[in-house]
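The values are calculated or read from the model by the stated rules, or taken from the named source; none is laboratory data. Computed from a prediction, not measured in an experiment: that's the story for all the values here. Quick reminder, even Gly has a Cβ in these numbers, built from the backbone with ideal geometry, and neighbours come from all protein chains shown.
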Amino acid sequence: MTTKDEAMTAVRTLLAYLEGEGNANREGLEATPQRVIDSWGEVFSGYGQSAAELLNATFNGEGYDGIVLLRNIEFHSTCEHHLQPFRGRAHVAYIPVERIVGISKLARLVDLHARRLQNQERITKSVADDLETHLHPLGAAVILEASHGCMQCRGVAKQEAIMTTSAMRGVFFDKSEARSELMQLIQQPVL
């Protein structure tokens, strides 16, 4: 395993590369390796968490059998292909059988996956997989909408492009009526 000192040395090497003939040891960059490694500890904190631990505390659903939807969950992630940020909103839904989970757990589940080197498709699939595995709902649905730094500041440089991904499981996949109701709920005006 790489040590913190080795990681800071790697950041210094990258700074020297980026500075070219400049001074990578100048005052403004002197503490940058430490700041980068410290910030990455937070940005990539999803590696130290597990969905099983997060979703293990459930409550009696008291017979509730409708859609549970938490929408407009803000998230930030880092593209594993270019190390560029991407950010957006997640909509996470499930239909409980017997047990429900606290709503903050749905937001934390999105963060657990977003706070890793990622691609949007994997976050979408992983959140849906975890809902199915740990809650055993009648259906699970995850929709992510995001703008990607790798599209905005390099390459095609498209500032307004939004990528949407979805994972529909159980009744959300099998029943168009359930999908339609979900989409109507997601499109409701924000309070």
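Going by the conditions given, is Ser166 in the same structural domain as Leu54 (by TED's automatic domain parsing), assigned to a helix (DSSP H, G or I) and of a type in the set (Gly, Ala, Ser)? So Ser166 does not fit the description; no. Helices (runs of 4 or more DSSP H) fully within region 1-55 that include at least 3 residues being on the phi > 0 side of the Ramachandran plot and surrounded by 10 or more Cβ atoms within 10 Å (Cβ to Cβ): none found. Of all residues in region 76-88, those that are within 15 Å of Glu145 (Cβ to Cβ) and among the aromatic types (Phe, Trp, Tyr) have Cβ atoms under 6 Å from Cβ atoms of residues that are modelled with pLDDT of 95 or more and buried (at least 17 other Cβ atoms within 10 Å of the Cβ), 6 or more apart or on another chain, in Phe86/Ser77; Phe86/Cys79; Phe86/Ala146. Here's a check for you: in region 79-119, which residue that is basic (Lys, Arg) and part of a helix (DSSP H, G or I) is surrounded by the fewest Cβ atoms within 10 Å (Cβ to Cβ)? Across region 79-119, the extreme among qualifying residues is Arg108.
Among the residues here, Arg154 qualifies as loosely packed, with under 15 Cβ neighbours inside 10 Å, touching a residue at least 12 places away in the same chain (Cβ under 8 Å) and not in a helix (DSSP H, G or I).
Might you check whether a residue that is within 9 Å of the chain's Cα centre (by Cα), assigned to a helix (DSSP H, G or I), closer than 25 Å to Pro189 by Cα and polar (S, T, N, Q) occurs anywhere in region 123-139? Checked region 123-139: at least one residue is within 9 Å of the chain's Cα centre (by Cα), assigned to a helix (DSSP H, G or I), closer than 25 Å to Pro189 by Cα and polar (S, T, N, Q).
Does at least one position in region 140-150 carry a residue that is assigned to a helix (DSSP H, G or I), free of Cβ contacts under 8 Å to residues at least 40 places away in the same chain and either out of contact with any Cys (no Cβ under 6 Å at 6 or more places or on another chain) or of a type in the set (Phe, Trp, Tyr) (or both)?
no
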